[in-house]
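Trainee: Once you've had a glance at the structure underneath, I'll fire off some questions.
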Amino acid sequence: MNGFDGHPSRHARQRGMTTLGFLILVVFIGLFAFAALRLAPVYLNYIKVAGVLDGVYDEFDSQNPSRSAIRTSVDRRFEVESVSVISNRDVTITTDNAGFLIEATYDHTTPFIGNIYFTVKFDKSVLVRR
């Protein structure tokens with residue numbers, strides 16, 4: 001379209017993204033990608049912990065287990081799965097009317113950029129019936 005003076009109008013020339021806008025977008029996407037890379041191992045460790053507790057549930061549910069047998073199984077499974085974020089001592093086993101409540105509640109902190117850290121809280125529990 002032509003303006004009144006024969007030159008293309010300003011709206012016809014404004015197309016696309018400026019270099020500054022593009023750089024801001026790249027930095028923004030890059031920060032999110034870097035955050036995802038920093039948080040992926042944290043969630044993979046949680047999947048291991050949840051798998052250990054689910055495995056203990058599958059092994060002992062309705063088998064009338066003892067607290068020491070459950071503790072031994074958790075410790076062995078942590079070693080096999082290479083769980084390093086929490087230890088066997090961080091897993092609480094409490095007696096419930098129906099059986100044993102096994103809980104893994106912990107925080108996992110990982111660095112992001114400089115003095116900025118991500119702290120993720122996890123809480124996984126299973127009830128092993130007698």
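The values are calculated or read from the model by the stated rules, or taken from the named source; none is laboratory data. Since this is a predicted model, take the numbers as computed values, not measurements. Cβ sites come from the backbone with ideal geometry, for glycine too, and all protein chains shown count toward neighbours. Note: accessible area is taken over every heavy atom of the protein model, side chains too, but ligands, DNA and RNA are not part of it. Shrake-Rupley method; radii C 1.70, N 1.55, O 1.52, S 1.80 Å.
Trainee: How do the pairs read when you match residues in the stretch 54-83 that are within 16 Å of LEU101 (Cβ to Cβ) with residues anywhere that are open to solvent by 80 Å² or more (accessible area, probe 1.4 Å), using Cβ under 6 Å and keeping only pairs 6 or more apart or on different chains?
Mentor: ASP61/ARG129; SER62/ARG129; ASN64/ARG130
Trainee: Another question about this same structure. Kindly indicate whether any position in the stretch 82-105 is assigned to a helix (DSSP H, G or I), acidic (Asp, Glu) and modelled with pLDDT under 95.
Mentor: Filtering the stretch 82-105 down to residues assigned to a helix (DSSP H, G or I) leaves 88-90.
The next check asks that each one be acidic (Asp, Glu); those that pass are 90.
Going one step further and asking which of them are modelled with pLDDT under 95, we end up with 90.
Yes - at least one qualifying residue is present in the stretch 82-105.
Trainee: Let me ask you something else. For residues that are open to solvent by 70 Å² or more (accessible area, probe 1.4 Å) and within 21 Å of the chain's Cα centre (by Cα), scanning just the stretch 68-88, find the one that is farthest from ASP54 (Cα to Cα).
Mentor: SER84
Trainee: Against the conditions (1) hydroxyl-bearing (Ser, Thr, Tyr); (2) within 14 Å of the chain's Cα centre (by Cα); (3) not in a helix (DSSP H, G or I), where does TYR43 fall short? Just the number, please.
Mentor: The single condition TYR43 does not satisfy is (3).
Trainee: Picking from PHE28, PHE22, PHE34, which residue would you name as being open to solvent by 100 Å² or more (accessible area, probe 1.4 Å), in a helix (DSSP H, G or I), modelled with pLDDT of 95 or more and out of contact with any Phe, Trp or Tyr (no Cβ under 6 Å at 6 or more places or on another chain)?
Mentor: Values: PHE22 fails: modelled with pLDDT of 95 or more; PHE34 fails: open to solvent by 100 Å² or more (accessible area, probe 1.4 Å).
Just a single option satisfies the conditions, and that option is PHE28.
Trainee: Check the stretch 98-107 and report whether any residue there is open to solvent by 70 Å² or more (accessible area, probe 1.4 Å) and either among the aromatic types (Phe, Trp, Tyr) or farther than 16 Å from VAL49 by Cα (or both). Full working, then the answer.
Mentor: Taking the stretch 98-107 as the starting set, the residues that turn out to be open to solvent by 70 Å² or more (accessible area, probe 1.4 Å) are 105, 107.
With the extra rule that they be either among the aromatic types (Phe, Trp, Tyr) or farther than 16 Å from VAL49 by Cα (or both), the set shrinks to none.
No: zero hits.
Trainee: Related question: Of all the residues that make up the stretch 108-118, how many are open to solvent by 80 Å² or more (accessible area, probe 1.4 Å) and either touching an Asp or Glu at 6+ places or on another chain (Cβ under 6 Å) or not hydrophobic (A, V, I, L, M, F, W, C) (or both)?
Mentor: Qualifying residue count, the stretch 108-118: 2.
Trainee: Then there's this: Which pairs have Cβ atoms under 6 Å, sit 6 or more apart or on different chains, and link a residue in the stretch 100-121 that is touching a residue at least 24 places away in the same chain (Cβ under 8 Å) to one that is open to solvent by 70 Å² or more (accessible area, probe 1.4 Å) and assigned to a strand (DSSP E or B)?
Mentor: PRO111/TYR117
Trainee: Only one of (1) surrounded by 15 or more Cβ atoms within 10 Å (Cβ to Cβ); (2) closer than 20 Å to VAL91 by Cα; (3) modelled with pLDDT of 95 or more fails for PRO65. Which number is that?
Mentor: Result: PRO65 passes all but (3).
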